[in-house]
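Q: The structure follows.
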Amino acid sequence: MSPREKVQIMDQEGIRRALTRIAHEILEKNAGTEDLVLIGIRRRGVPLASRLSEKIKEIEGTSIPLGILDITLYRDDLSQLDYHPLVRKTEVPFSITGKKVVLVDDVLYTGRTVRAAMDALMDLGRPKLIQLAVLIDRGHRELPIRADFVGKNVPTSRKEQINVSLVEIDGEDKVTIVEKDT
Amino acid sequence: MKFKRKDVLGLEDLTVEEINLILDTAEPMKEIMTRDIKKVPTLRGRSVITLFYEPSTRTRSSFELAAKYLGADTSSIAIATSSVQKGESLRDTAKTLEAMAADVIIIRHSAAGAPHLLARWVSARVINAGDGAHEHPTQALLDMFTIREKKGGFQGLKVAILGDITHSRVARSNIWGLTKMGAEVRVVGPATLIPPDIERLGVKVYYDWEEGLKDVDVINVLRIQLERQKKGLFPSIREYTKLYGLDQQKLQVAKPDVLVLHPGPVNRGIEISPDVQDGPHAAINEQVTNGVAVRMALLYLLMTGGEKDEISA
């Protein structure tokens with residue numbers, strides 16, 4: 001693959017089918033929607049969580065609480081970055097104590113974002129359990145973390161970059177893989 | 001975006017982009033204050049020292065809580081019980097604090113420019129918490145945050161600063177900040193309490209409250225420093241209250257949805273009447289909440305985003 005060449009690994013239909021399957025898996029694993037809440041990690045976990053909640057509503061007929069988590073203040077690399085990641089609002093307008101929380105993100109890579117998200121959640125309350133749903137798992141974990149629900153497993157090299165585009169943010173639905181310039 | 005400053009000393013030299021970044025960052029910080037567990041680990045292991053050469057309750061505790069909510073450790077030096085009483089100079093005190101590995105020093109001093117000197121002497125970051133009658137940047141930023149939250153922005157907004165302009169660092173920081181953001185700023189007060197050349201800062205001067213407060217969107221009421229009366233700058237407290245104290249009657253000439261601010265502490269019934277202070281237009285207690293959020297934003301921006309050395313360069 002020549003540098004910067006993009007290969008599409010998921011299209012709109014692919015994303016839709018993966019999310020439909022994940023919605024069913026979430027319901028199966030948790031035996032319904034009781035005590036279930038979805039929390040999307042900014043940025044692209046947020047529209048994904050929203051879509052999952054709609055699918056769950058279609059399947060079960062019940063609405064489940066939807067929250068937004070900003071993990072910037074929990075990052076472990078703040079003193080090393082040479083820029084300021086913009087801190088945005090965490091919007092979890094319900095108690096997560098005793099709830100089954102499904103964290104939603106677009107890509108699972110090193111696991112550091114999920115570590116930060118779990119710390120952030122613990123500061124908001126004491127969930128009964130936390131599960132993780134991701135659209136793409138690309139491997140290369142640096143922490144002992146795994147996803148409960150995966151849209152697509154994509155073996156990658158560290159030199160590659162996964163770009164997830166979503167209609168709500170980017171105007172179209174697709175997942176591409178790009179060779180990073182080094 | 002990157003906040004490249006080592007220190008925050010005043011609004012005069014902050015850019016529009018920097019002010020927007022601080023105010024944008026303060027919004028999520030305010031959300032943290034509403035949680036059951038008001039603490040994030042962002043500044044864990046960092047130390048913040050407050051060094052106040054003048055009395056203060058809200059600014060100092062606001063800074064300390066802001067640092068603690070972000071996970072930093074804090075220590076405060078009360079001058080009355082410190083080695084300053086034994087004759088230690090500002091520079092030596094600063095060097096001592098630096099030797100204790102302070103990451104941020106927050107200073108209030110009666111001499112204008114003291115924080116600027118301190119910032120040159122130490123590699124720790126310095127935040128000005130008020131220097132003489134010069135600047136009080138975090139007060140202006142929290143006033144601006146409150147205005148933006150209530151009014152949606154600054155462009156074309158009419159803001160009146162009412163009272164003792166001459167001795168007020170709050171007034172100066174507000175003037176620099178608000179004019180930069182596109183607001184129309186006017187100062188209203190007796191001629192003896194308004195510096196003669198204040199127009200140079202881009203404000204309009206009014207000695208008459210009725211003209212000065214007409215159609216304004218915001219009135220920022222300054223504390224009248226009672227000791228000024230002894231210097232003969234105004235004849236009596238009663239007369240000041242009659243001519244410039246903000247009451248319902250004076251409020252009538254402003255816009256119907258006028259926002260009333262006061263940096264505190266309030267001389268109840270002197271510069272502002274109790275019914276206005278406790279009324280629906282005033283956001284005085286919200287200002288205190290916003291003050292913590294704005295200071296959290298500043299501490300976050302100063303202490304993250306790269307190594308200290310490359311930033312101060």
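Readers should treat all values here as calculations from the given coordinates under stated rules, not as data from a laboratory. Keep in mind the model is a prediction, meaning the values are calculated, not measured. Here the Cβ is made from the backbone with ideal geometry for all residues, glycine too, and neighbour counts use every protein chain on show.
Q: How shielded is B:29-39 by partner chains, expressed as the average number of their Cβ atoms within 10 Å of its Cβ atoms?
A: Whole-number average of other-chain Cβ neighbours for B:29-39 is 3.
Q: Using a ≥ b ≥ c from the Cα gyration tensor of the protein assembly as shown (square roots of the eigenvalues), is it rounded, prolate or oblate, where a/c under 1.5 gives rounded and otherwise the larger of a/b and b/c decides, a/b for prolate?
A: Since a/c reaches 1.5 and a/b is larger than b/c, the shape of the protein assembly as shown is classed as prolate.
Q: Write out the trypsin sites (Lys or Arg not before Pro) in the stretch A:108-182 meeting two conditions: DSSP loop, and at most 13 other Cβ atoms within 10 Å of their Cβ.
A: The qualifying sites are A:Lys128, A:Arg146, A:Arg158, A:Lys159, A:Lys180.
Q: Sticking with this structure for a sec: Sorted from fewest to most neighbouring beta carbons within 10 Å, what does the list B:Phe52, B:Phe63, B:Phe145 look like?
A: Going from sparsest to densest Cβ surroundings: B:Phe52, B:Phe145, B:Phe63.
Q: Can you put A:His140, B:His116, B:His167 in order, fewest other beta carbons within 10 Å first?
A: Ascending Cβ contact count within 10 Å gives the list A:His140, B:His116, B:His167.
Q: Enumerate by residue number the GluC sites (Glu not before Pro) in the stretch A:51-100 meeting two conditions: DSSP loop (anything except H, G, I, E, B), and at most 12 other Cβ atoms within 10 Å of the site's Cβ.
A: For GluC sites (Glu not before Pro) across the stretch A:51-100 that sit outside H, G, I, E and B with at most 12 neighbouring Cβ atoms in 10 Å, the list is empty.
Q: Right, something else. Have a look at B:Trp176, B:Val203, B:Thr50 and report the one farthest towards the positive end of the charge dipole of chain B, computed about the Cα centre with Cβ charges (Lys/Arg +1, Asp/Glu -1).
A: B:Thr50
Q: Right, another one. With charges set only on the Cβ (+1 for Lys and Arg, -1 for Asp and Glu), what does the dipole of the stretch B:44-200 come to about its Cα centre, in debye to the nearest 20?
A: Rounded to the nearest 20 debye, it is 340 debye.
Q: Would you mind classifying the stretch B:57-138 by shape? Square roots of the alpha carbon gyration tensor eigenvalues, ordered a ≥ b ≥ c; an a/c under 1.5 is rounded, otherwise it is prolate if a/b is larger than b/c and oblate if not.
A: rounded
Q: Let me ask you something else. Does chain A come out rounded, prolate or oblate, given a ≥ b ≥ c as the square roots of the eigenvalues of its C-alpha gyration tensor, rounded meaning a/c under 1.5 and, failing that, prolate meaning a/b above b/c?
A: In terms of gyration-tensor shape, oblate.
Q: Okay, moving on. For the stretch B:39-117, build the charge dipole from Cβ charges (+1 Lys, Arg; -1 Asp, Glu) around the Cα centre, then report which of B:Ser82, B:Val40, B:Phe63 sits farthest towards its positive end.
A: Going by the charge dipole, the pick is B:Val40.
Q: Which value, in debye to the nearest 20, gives the size of the charge dipole of the protein assembly as shown about its Cα centre, when Lys and Arg are +1 and Asp and Glu are -1 at the Cβ?
A: 740
Q: Over chain B, what is the mean sequence separation of C-alpha contacts under 8 Å (at least six apart), divided by residue count, expressed as relative contact order in percent?
A: 21
Q: If you only keep lysine pairs separated by 8 or more in sequence, or across chains, how many in the stretch B:142-235 come under 20 Å at the Cα atoms?
A: 10
Q: To the nearest 20 debye, what is the magnitude of the charge dipole of chain B about its Cα centre, counting +1 on the Cβ of each Lys and Arg and -1 on the Cβ of each Asp and Glu?
A: The dipole of chain B has a size of about 500 debye.
Q: Which lysines have a Cα less than 25 Å from the Cα of A:Lys55, not counting those fewer than 8 places away in the same chain?
A: A:Lys29, A:Lys99, A:Lys100, A:Lys128, A:Lys152, A:Lys174
Q: Give a quick list of chymotrypsin sites (Phe, Trp or Tyr not before Pro) in the stretch A:49-109 that DSSP marks as loop, anything other than H, G, I, E or B, with at most 13 other Cβ atoms within 10 Å.
A: A:Tyr83, A:Phe94
Q: May I pose another question? If I model a spin label at A:Arg21 and A:Arg43 as a point 7 Å from the Cα along the Cα→Cβ vector, what separation in nanometres do I get?
A: 2.8
Q: Which semi-axes, in whole Å and largest first, does the equivalent ellipsoid of chain B have when worked out from the alpha carbon gyration tensor as the square roots of 5 times its eigenvalues?
A: 33, 22, 18
Q: With labels modelled as points extended 7 Å from the Cα through the Cβ direction, what inter-label distance (nm, one decimal) is found for A:Val178 paired with A:Ile145?
A: 2.3
Q: Neighbouring Cβ atoms within 10 Å as the yardstick, rank A:Ile26, A:Ile169 fewest first.
A: Neighbour counts put them in this order, fewest first: A:Ile169, A:Ile26.
Q: Mind checking which lysines have their C-alpha under 26 Å from B:Lys68, skipping anything on the same chain fewer than 8 residues away?
A: A:Lys89, B:Lys2, B:Lys4, B:Lys6, B:Lys30, B:Lys38, B:Lys39, B:Lys95, B:Lys308
Q: What nm value, rounded to one decimal, do you get for the distance between A:Met122 and B:Glu227 when each label is placed 7 Å out toward the C-beta?
A: Each label point is offset 7 Å from its Cα along the Cβ direction, giving 5.0 nm.
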